[in-house]
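Below: one structure, written as structure tokens.
Nothing in this text is a laboratory measurement; each read-out follows from the coordinates by a stated rule. Since this is a predicted model, take the numbers as computed values, not measurements. Because the Cβ atoms are built from the backbone with ideal geometry, glycine has one as well, and the counts that use them run over all protein chains shown.
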Amino acid sequence: MEDPADDFASESFFDQNSLQQQIQQIDASADLNGADLNGTVTNVTLPPNPAVIEQLSRKWYSGCLERIAWSRHGHIASISEDGSTVYLECLRYDQGSGSWDLHERHSLTTLFEDATSLAWSATGGELAVVDVRGRVWIYHTALNAINRLTLARQGALDEGDGYLQPVGMTWLSQDRQERPRNIVLNATKGEARWQHGNARAKPLGPYWPRAIAIVHRNGLLTLCFQRRDGQYMKVSTQLSLRDGELYTHASFAPTLEGKMIVALHSFKKRISVHFLTIDWADVNQSLEGLPSLTVDPVSSNVSSQPTASASLPDSYDPDSWTLSHLKIVPTSDLEKAVQVYPTILVVSTGINRTVGITDAGFLVSGLIKRWAVKPVEVKLHPLFDALPSTGSAVVATKPMITLQEQSDKEEQVITTMHQVDGVHNLAVTTLENRTDVLSSEDLSPMSYAASEQETTCMSQSGFAFPYTQTILNPSFSPGACVRADIGADAKTQLVVMEYQLGQPQSQQPLDPHIDTAIAALNLTFARACWSNATIDDVLMCASRTVPPELIPVVISNIYRTMFRDGEFVHEKTQGSEVERMFHKQIMAKVFSYHASLAANCSHLPSMSPTEGRNSGWTLSGQWAWLVNNVRQTTTLLFMNLRDIQNVTIVVSQDFTEMLCANLRWGLSLIRFIFNSLLEVGDRETNPDIFDEKDRGRFGDTLGDGSQGLVALLLNCHASRIFLIAFVRAVRTYAKVTEPKSQHQLQVLQCIQQQTSNKGLSFAAIEAILEYRWSAAGDVEGDIAATAVRQLDMMATGIVHESYQSTIKNLLNKLINSPSGLRAKLLVDRLKLFVDHIDLDYIFLNQDILGRRSDSQATQVIYDVHRKRPITKGMAEPHGSGKLMVRKCVRCGSFSEDVVVPPREWPKQVAMVLTRCTCDGNWVLESWENVQK
């Protein structure tokens, strides 16, 4: 009798090979994370990294272990593995490679015994470092460079011990409570553009300019604050009501009432909550006064442990959970918003210990528990109302604070948790080295709330951090789009959010998902503008994510979202708001964002074809950078106007020379524009003296003024209005006909030398900047269409065809006509021709202008603030004596002012030197290295 047919193909179900043969068939070199031959990813769970588990296990015993932190201004501070050194780094743009990376690491001079955690203040101006014994060092950021800090408090003088080990610390609010600030909530898509939802926010309290609160292992709270004389003092109070109780974690949150909520977690796995009130009356009245600390404990406390087992949910095993993170999500600070009660978050790690008695177990899951800190009105039983009253006064009942448990959230094993700056979101990393951004409302991933019509953050719109093999001690940039971590080699590693934005250049309109992603990127930039945070992280993310074809779209969208159409039409148009643009504080960042994005887009026009220069920026980037420089020069002039009219104010000669140098540079830029206009006319009337390779057209490929840098400066209303503002400032200085001080005399002489003595009058300057010349290219009666044309020119550097005749009209109707400027002797062509304007002097930065391919001349390094060549560096105060200069990490410009602020300079003007003209941060570099 034959065997029945094998219907289920046993040969494919059972491997008939021997065990030895099966072992030999395994490819030991196969990548478990990669794709197989069929293109599918092997579904294999990698074993946890021991280093990640070690870092997580440390967080079970202390909530104050932030070994790397990112400041609002862009500093990245980190603690060495042995806890003896604090390093300082920042992002920088490498002009050669066209990419963002870390600048050279700088070590603080302080030698620590065992530093465990550090924290930046909310404004980014202060850094606190604590060690395992509870001692506190405080540093202030230096005004001259981002890679320098100044020691303001020496922690070695503190008396510390093991019971004073910090378990939590936070800086007090530094925003004055009477100053509401602008908050950008979201971006929503309208009919023609994306729109930002803005709201006013009142800072939460308690407030003090410089103060940090620290909770120690024994429940002691220490407040370290700065007095009016600059000295730091300490005052302490005991939070714990039980003697000898020790704590593992502490978290803080400000409130609308000006009190601080402090949550503590003890070794007994109980969570207690306290309200801290700080009275600064004695400090304000007397230099020796100390603040009064009042602690109001919440009567109820809760257990941090889930009751169910981590591995067997139906079993009771609370010991299978260990708390790793304690956070408080504060109430909303938005005005007229629905107030949500502060929420305590507890992140616990589940451990399966059922393997064996001697086995330590393994990590299986994570759990987030929540409690709302909610006031409850206390009411007596109605029968008490029938009792006779002992008095006529009405007794006000004080609400009782309770902890109301919310629903739990099961998660993977969470290794780190950070609150994202600017939005109420939480960035978490998991044992599988995954990074997620969770909503603080329901703890759901923001990526689940994706929408084509609205976005609140980059994670919601498809941006995500790529997989990395190890995440140990991450810290997130102010925009939460770049993650910094200390790698196994003790070096800082950067990971940037990614999104595949690539698409054919001709695809219009944009794919809705790509359109939303660009809106989310610009939303992050807008938040940085209004919170005065660095934009370097946003630029780094954009440079690695956005393809060059989409850069003009990103640029035009940020203008259309943050400004109104009326701000891009000429000033005589009804409803025009173009003159308001000059007064907006965010313009420095907006122009810098524009210039940095457009700098290296190879498909956009540049000066290279007409000037014989290599590796320069595109015309769009150069336009934005020049306008930003005009903006700062004009701002300096207006800031000093009050001082020049006050003869009692003594101004140093150094300051006068700086002011005159800025006047000289601005007027040289205008003469450069005039020379370019006249040369276009010369090319038409005397074409024989020019050849095809002749330089000096500045991107005007045809030589007829239809394109190029000068055409952009005159046709874009934004640049023209900034030039007008500069001329108005110079006019105001020139009105002082009888100088009463040496400062006034030198300024007047400088103005006269750079105008009439150079063949150019004020009347001629004002005439070419009149609106009517470029207005001919506008769409009459249509503000929206005109704004689109203007923004396209600004973003691409290509002059729209309707504006291409502007320069010819200026020549034929204004300059060379029988009744024109030359006929009226308002322009001296010979003087303008003889006074050659060096293009390197106009740009002050050869990386932006581009380097000549045939030049062997020594490079001239200009000071971008003082508008003059740098001949040598300066020695850094309290340094090694080596000559140093400052270099901008964003545009690569230089400054010789190593000591900031300079002596006898007006304070308001001197503070302008703390940033580059592009709003970028400075770093100190050796003059010897810069010259190489």
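Below, the figures for the structure above:
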{"read-out": "The chain - percent relative contact order, Cα under 8 Å, separation 6 or more", "value": "9"}
{"read-out": "Under 11 Å, Cβ to Cβ, from CYS64 - net charge with Lys/Arg +1 and Asp/Glu -1", "value": "+2"}
{"read-out": "Under-5 Å amide H pairs with MET884, H placed in peptide plane, nonlocal only", "value": "MET874, ALA875, GLU876, TRP927"}
{"read-out": "Relative frequency of Cα-Cα separations exceeding 23 Å in the stretch 452-538, percent", "value": "33"}
{"read-out": "GluC sites (Glu not before Pro) restricted to the stretch 392-469 and DSSP loop, no more than 12 other C-beta within 10 Å", "value": "GLU441"}
{"read-out": "Within straight-line cross-link reach of LYS584, lysines at Cα separation under 22 Å, skipping those fewer than 8 residues along the same chain", "value": "LYS202, LYS572, LYS907"}
{"read-out": "Using a Förster distance of 25 Å, the FRET efficiency for ASP94-THR858 (Cβ separation, nearest 0.05)", "value": "0.65"}
{"read-out": "Exposure proxy ranking, count of Cβ atoms within 10 Å, fewest first, for ASP229, ASP840, ASP511", "value": "ASP229, ASP511, ASP840"}
{"read-out": "Cα centroid of the stretch 111-149 to Cα centroid of the stretch 249-264, whole Å", "value": "22"}
{"read-out": "The stretch 792-815 and the stretch 696-768: distance between their alpha carbon centers, rounded to Å", "value": "19"}
{"read-out": "Segment LYS336-ILE53, length gained on full extension (0.36 nm per residue, minus Cα span)", "value": "97.5 nm"}
{"read-out": "Zone residues, the stretch 66-92, relative to THR109, backbone N less than 17 Å from point 7 Å out along Cα-to-Cβ", "value": "85-88"}
{"read-out": "Environment charge of ASP835, counting only residues whose C-beta is closer than 9 Å and scoring Lys/Arg +1, Asp/Glu -1", "value": "+3"}
{"read-out": "Cα point-scatterer Debye curve for the stretch 547-843, base-10 log of I(q)/I(0) at q = 0.17 Å⁻¹", "value": "-1.51"}
{"read-out": "Difference of contour (0.36 nm per residue) and Cα-Cα distance, GLN653 to GLN406", "value": "82.3 nm"}
{"read-out": "Where the Cα pairs of the stretch 425-479 fall when distances are cut into 5 Å bins, in %", "value": "4, 18, 29, 24, 17, 6, 2, 0"}
{"read-out": "Centre separation in Å (Cα based) which lies between the stretch 80-94 and the stretch 290-315", "value": "36"}
{"read-out": "Set of the stretch 436-474 residues, backbone N closer than 18 Å to the point 7 Å along the Cα-Cβ line of LEU510", "value": "450-464"}
{"read-out": "Per residue, the convex hull volume that the Cα atoms of the stretch 859-932 enclose (Å³)", "value": "93"}
{"read-out": "Which of LYS259, LYS268, LYS887 has the fewest Cβ neighbours within 10 Å, and the rest in rising order", "value": "LYS268, LYS259, LYS887"}
{"read-out": "Approximate shape of the stretch 62-192 as ellipsoid semi-axes (Cα gyration tensor, √5λ), whole Å, largest first", "value": "30, 22, 14"}
{"read-out": "Neighbour-count ranking [beta-carbon atoms within 10 angstrom, fewest first] of LEU626, LEU832", "value": "LEU832, LEU626"}
{"read-out": "Per-selection metrics, the stretch 392-547 (Cα): Rg and Dmax in Å", "value": "19.4, 81"}
{"read-out": "Cβ-placed point charges (K, R +1; D, E -1), dipole of the stretch 859-932 about Cα centre in debye, nearest 20", "value": "120"}
{"read-out": "Local net charge near PHE525, Cβ-Cβ under 12 Å (Lys/Arg +1, Asp/Glu -1)", "value": "0"}
{"read-out": "Theoretical gain in end-to-end length, GLN231 to THR732 [0.36 nm per residue, Cα-Cα removed]", "value": "176.0 nm"}
{"read-out": "Hz values of 3J(HN,Hα) by residue in the stretch 532-540 - Karplus curve (6.51, -1.76, 1.60), Gly and Pro given as x", "value": "6, 9, 5, 10, 4, 5, 5, 5, 5"}
{"read-out": "Cα-projected label distance for GLU780 with GLU441, points at 7 Å along beta-carbon direction, nm", "value": "5.0"}
{"read-out": "Computed E for GLU288/ASP838 - FRET, C-beta separation, R0 60 angstrom, nearest 0.05", "value": "0.50"}
{"read-out": "23 Å Cα-Cα reach of LYS932 towards lysines, excluding residues that sit fewer than 8 places from it in its own chain", "value": "LYS867, LYS872, LYS882, LYS887"}
{"read-out": "Cα pair distances in the chain, grouped into 20 Å bins until the bin that holds the longest one, percent each", "value": "12, 39, 31, 14, 3, 0, 0"}
